[in-house]
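Peer 1: Have a look at this one.
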Amino acid sequence: MGSKNLAKITLLSRNPLIFTHFIMDLKAFKKKVAKKKDKLNAFLTKLDDIVPDDMPQLVAEVDKTVWQDVDCTTCANCCKSMVPTYTTKDIARISAHFGMTPKQFKDKWLEKDPDNGDWQNKQRPCQFLKDNLCSIYEIRPADCAEFPHHNKKPFDLYNDMFKQNIEYCPATFTLINRLRKRVEKEYEW
Ligand code: SF4
Ligand code: SF4
């Protein structure tokens with residue numbers, strides 16, 4: 001899910017005098033989503049039928065600007081409000097890290113998704129979120145490492161997923177909003 005730079009913050013936090021970690025205002029983000037959601041969903045619905053020829057380059061260009069403005073270490077909303085799924089490899093790797101067997105790990109932290117049988121977190125926020133950062137960042141589940149999926153190809157195949165994720169992820173919200181503006185301004189749309 002979210003990419004968080006644990007090393008950077010740990011380094012800063014060693015000196016409390018210079019530790020001024022800003023936390024994103026997620027209530028304000030929710031309000032922004034409520035205002036813009038319909039517009040962004042309409043754009044994504046239209047993108048099901050009309051796709052700019054240079055969509056991959058366009059997404060890559062706009063995504064670069066998103067990460068100049070959105071810092072996951074100030075957010076962690078995915079870790080607070082969504083549940084990651086775990087593959088068998090994830091479970092083996094993370095349980096070994098804690099000196100547990102996969103079964104002990106599953107019994108303690110996971111449950112099966114009733115819809116598809118995937119192993120997922122029992123609780124949210126995620127038990128591994130500490131001080132707004134992922135405490136198992138280097139060995140986190142693949143699902144977390146891939147989130148927020150901005151480099152999926154073809155991008156427009158995942159419009160429904162992005163419709164859901166704009167509600168939780170400020171980076172995805174910003175990406176879709178900036179894409180919408182670019183496409184409406186520069187293309188016959
Ligand atoms: S919700 Fe999005 S912006 Fe926030 S931490 Fe997760 S990936 Fe980053
Ligand atoms: S393991 Fe938990 S804290 Fe770490 S990135 Fe995934 S959801 Fe967030």
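Peer 1: Between a residue in the stretch 29-40 that is closer than 19 Å to CYS78 by Cα and any residue that is hydrophobic (A, V, I, L, M, F, W, C), which pairs come within a Cβ distance under 8 Å, given they are 6 or more apart or on different chains?
Peer 2: So the pair list comes out as PHE29/PHE173; LYS32/PHE173; VAL33/ILE166; VAL33/PHE173; LYS37/ILE166.
Peer 1: Same structure again: Considering only the stretch 162-173, I want to know if a residue exists there that is assigned to a helix (DSSP H, G or I) and among the aliphatic types (A, V, I, L, M).
Peer 2: Quick first cut of the stretch 162-173, residues assigned to a helix (DSSP H, G or I) only: 162-165, 170-173.
So of that shortlist, the ones also among the aliphatic types (A, V, I, L, M) come out as 171.
The answer is yes, given that some residue of the stretch 162-173 is assigned to a helix (DSSP H, G or I) and among the aliphatic types (A, V, I, L, M).
Peer 1: For the stretch 149-162, what are the residues that are of a type outside the set (A, V, I, L, M, F, W, C) and closer than 16 Å to VAL59 by Cα? Working first, answer last.
Peer 2: Kept after step one, since they are of a type outside the set (A, V, I, L, M, F, W, C), are these residues of the stretch 149-162: 149-154, 156, 158-160.
HIS149, HIS150, ASN151, LYS152, LYS153, PRO154, ASP156, TYR158, ASN159 - these are the residues of the stretch 149-162 that are of a type outside the set (A, V, I, L, M, F, W, C) and closer than 16 Å to VAL59 by Cα.
Peer 1: Of all residues in the stretch 44-77, which are within 16 Å of ligand 1 (Cβ to nearest atom), assigned to a helix (DSSP H, G or I), out of contact with any helix residue (DSSP H, G or I) (no Cβ under 8 Å at 6 or more places or on another chain) and touching a residue at least 12 places away in the same chain (Cβ under 8 Å)?
Peer 2: THR74 - this is the single residue of the stretch 44-77 that is within 16 Å of ligand 1 (Cβ to nearest atom), assigned to a helix (DSSP H, G or I), out of contact with any helix residue (DSSP H, G or I) (no Cβ under 8 Å at 6 or more places or on another chain) and touching a residue at least 12 places away in the same chain (Cβ under 8 Å).
Peer 1: OK, next. So, in the stretch 114-170, exactly how many residues are surrounded by fewer than 18 Cβ atoms within 10 Å (Cβ to Cβ) and among the aliphatic types (A, V, I, L, M)?
Peer 2: Total satisfying the criteria: 5.
Peer 1: Next up: Need the failing condition index for TRP189 against (1) crowded, with 17+ Cβ neighbours inside 10 Å; (2) outside any helix (DSSP H, G or I), just the number.
Peer 2: Here TRP189 meets the rest and fails (1).
Peer 1: I'm told GLU146 meets every condition in (1) within 30 Å of PRO56 (Cβ to Cβ); (2) charged (D, E, K, R); (3) more than 14 Å from ligand 1 (Cβ to nearest atom) except one. Can you identify the failing condition by its number?
Peer 2: Condition (3) is where GLU146 drops out.
Peer 1: Follow-up. Within the stretch 112-156, track down each residue that is over 18 Å from PHE98 (Cβ atoms), among the charged types (D, E, K, R) and either away from ligand 2 (no atom under 14 Å from the Cβ) or assigned to a helix (DSSP H, G or I) (or both).
Peer 2: Listed by number, the residues that qualify are LYS112, ASP113, ASP115, ASP118, ASP143, GLU146, LYS152, LYS153, ASP156.
Read-outs: derived from the displayed coordinates by stated rules, not from any lab. Predicted model only: the values in this text are computed from it and were never measured. Glycine also receives a Cβ, built like all others from the backbone with ideal geometry; neighbour counts cover every protein chain displayed.
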